[in-house]
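Colleague: Sharing a structure with you now.
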Amino acid sequence: MPQPGPRTGPLAEPGTTTREAIRSAATRLFQEQGYARTTVRRIAAAAGADPALVIRYFKSKELLFLETMHLTIDDEPLLGVPLEHLGERLVELLVDLDGAARGIFLALVHGSDEQRIQRRLRDTHEQVLIAPLRRRLSGPDADLRARLAAALA
């Protein structure tokens with residue numbers, strides 16, 4: 001009886017569970033290829049797992065996407081600069097997003113034809129950009145100005 005060959009992919013790493021390997025592979029593929037071009041089969045292959053396990057653990061590609069694509073930025077740079085430099089700092093912060101944050105944001109945007117992903121994108125935009133800006137601004141139109149500034153991002 002032939003012996004199985006050496007394992008490849010994330011499961012080859014000792015201590016990696018199948019669920020963790022699938023999650024890791026999905027995160028990478030969604031960031032690199034977006035929601036539409038990432039298939040359950042590609043995720044499973046990259047994780048060294050069976051496609052049925054992807055569905056067993058995560059129920060659907062969409063739910064796996066929502067579990068893996070979370071965007072946060074450190075809002076301290078927005079809260080710590082003088083108000084007259086806030087616009088400049090916001091632009092710097094958005095331009096300097098690291099590769100992972102940029103990949104997650106783009107994956108959310110590109111997957112936004114799905115309703116739950118649209119909600120995640122709106123919620124992320126609200127929490128990551130609008131809310132920190134709103135906290136810095138004053139006046140009755142602070143929310144409107146925060147939303148306008150965040151819309152440019």
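The values are calculated or read from the model by the stated rules, or taken from the named source; none is laboratory data. Nothing here was measured: the structure is a model prediction, and the numbers come from that model. Virtual Cβ from ideal backbone geometry, glycine too; neighbours counted across all protein chains shown. Note: accessible area is taken over every heavy atom of the protein model, side chains too, but ligands, DNA and RNA are not part of it. Shrake-Rupley method; radii C 1.70, N 1.55, O 1.52, S 1.80 Å.
Colleague: Would you pick out the residues in the stretch 25-43 that are part of a helix (DSSP H, G or I), open to solvent by less than 90 Å² (accessible area, probe 1.4 Å) and modelled with pLDDT under 95?
Modeller: Here is the first cut: in the stretch 25-43, the ones part of a helix (DSSP H, G or I) are 25-37, 40-43.
From what is left, the residues that are open to solvent by less than 90 Å² (accessible area, probe 1.4 Å) are 25-27, 29-31, 33-36, 40, 43.
Within the stretch 25-43, THR27, LEU29, PHE30, GLN31, GLN33, GLY34, TYR35, ALA36 qualify.
Colleague: Quick check, is ALA107 within 29 Å of LYS61 (Cα to Cα) and among the small types (Gly, Ala, Ser)?
Modeller: yes
Colleague: Moving on to the next point. State all residues of the stretch 93-117 that are at pLDDT 75 or above, among the charged types (D, E, K, R) and outside any loop (DSSP other than H, G, I, E, B); if no residue qualifies, say none.
Modeller: Across the stretch 93-117, the qualifying residue is only ARG116.
Colleague: Output the qualifying pairs, or none if there are none: Cβ atoms under 9 angstrom, residues six or more apart or on different chains, first residue in the stretch 118-139 and in a loop (DSSP other than H, G, I, E, B), second residue among the small types (Gly, Ala, Ser).
Modeller: These pairs meet every condition: LEU137/ALA146; LEU137/ALA149.
Colleague: When the residues of the stretch 44-66 are narrowed to those that are open to solvent by 60 Å² or more (accessible area, probe 1.4 Å) and assigned to a helix (DSSP H, G or I), which ends up modelled with the lowest pLDDT? Please lay out each step first, then the result.
Modeller: Initially, the stretch 44-66 is screened for residues open to solvent by 60 Å² or more (accessible area, probe 1.4 Å), giving 45, 50, 52, 55-57, 59, 63.
Those left that are additionally assigned to a helix (DSSP H, G or I): 45, 52, 55-57, 63.
On the way: ALA45: 97, ALA52: 96, ILE55: 96, ARG56: 95, TYR57: 95, LEU63: 89.
Checking each candidate, the answer is LEU63.
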